[in-house]
Amino acid sequence: MTEVPASPYTDAVLLDVREPAEWAEGHAPGAVHIPMNDVPARMDEIDIDAVVYVVCRSGGRSMSVVPYLNQNGFDAVNVAGGMVAWQQSGRPVVADDGRAAKIY
């Protein structure tokens, strides 16, 4: 998995591009949630001065978003393996409603 710095992020953004239902099941603490199809309209919500680590479930959607962000002036990096690899590596996963989070 791409080495993503630990939260709280200072010079980095962890951008989760999964769908709302996937986000609700579990996500990384401190991540910014913008579904993939909403990224073009919501780029102003992403810090252009930060390294943007883009994550989805397994790496496919994020791999599509990274070149788009890079073409628009961001320093974006794909998180290989996505949230599945994130959880498998023991990194924290939370759910907003307080229940046990799960990715897979």
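The values are calculated or read from the model by the stated rules, or taken from the named source; none is laboratory data. Small disclaimer: the values here were computed from a predicted structure and weren't measured. Please note: Cβ atoms are built from the backbone with ideal geometry, for glycine as well, and neighbour counts cover all protein chains shown.
Mind checking which pairs have a first residue in the stretch 66-87 that is more than 20 Å from Arg42 (Cα to Cα) and free of Cβ contacts under 8 Å to residues at least 60 places away in the same chain and a second that is surrounded by fewer than 20 Cβ atoms within 10 Å (Cβ to Cβ) and hydroxyl-bearing (Ser, Thr, Tyr), Cβ under 6 Å, 6 or more apart or different chains?
Between residues of the stretch 66-87 that are more than 20 Å from Arg42 (Cα to Cα) and free of Cβ contacts under 8 Å to residues at least 60 places away in the same chain and residues that are surrounded by fewer than 20 Cβ atoms within 10 Å (Cβ to Cβ) and hydroxyl-bearing (Ser, Thr, Tyr), the close pairs are Gly82/Ser58; Val84/Ser58; Val84/Tyr104.
State which residue is surrounded by the most Cβ atoms within 10 Å (Cβ to Cβ) when the search covers only the stretch 1-37 and only residues that are farther than 23 Å from Ala100 by Cα and polar (S, T, N, Q).
The residue in question is Thr2.
I'm trying to understand the selection: among the residues of the stretch 43-54, which are surrounded by fewer than 18 Cβ atoms within 10 Å (Cβ to Cβ) and part of a strand (DSSP E or B)?
Within the stretch 43-54, just Val51 meets the criteria.
For the stretch 1-37, enumerate the residues that are over 13 Å from Trp86 (Cα atoms), not in a loop (DSSP other than H, G, I, E, B) and not β-branched (Val, Ile, Thr).
Ala12, Leu15, Pro20, Ala21, Glu22, Trp23, Ala24, Glu25, His33, Met36, Asn37
Name the residues in the stretch 16-55 that are of a type in the set (Lys, Arg) and within 16 Å of Val93 (Cα to Cα), would you?
Arg18
Is it fair to say Pro40 is assigned to a loop (DSSP other than H, G, I, E, B) and either farther than 19 Å from Ile103 by Cα or at pLDDT 95 or above (or both)?
When the stated conditions are applied, Pro40 does not pass them.
Can you pull out every residue in the stretch 71-104 that is under 13 Å from Leu14 (Cβ atoms) and not β-branched (Val, Ile, Thr)?
Answer for the stretch 71-104, where residues must be under 13 Å from Leu14 (Cβ atoms) and not β-branched (Val, Ile, Thr): Ala76, Asn78, Gly82, Met83, Trp86, Arg91, Pro92.
Taking only the stretch 69-80 into account, find how many residues are crowded, with 18+ Cβ neighbours inside 10 Å and at positive phi.
0
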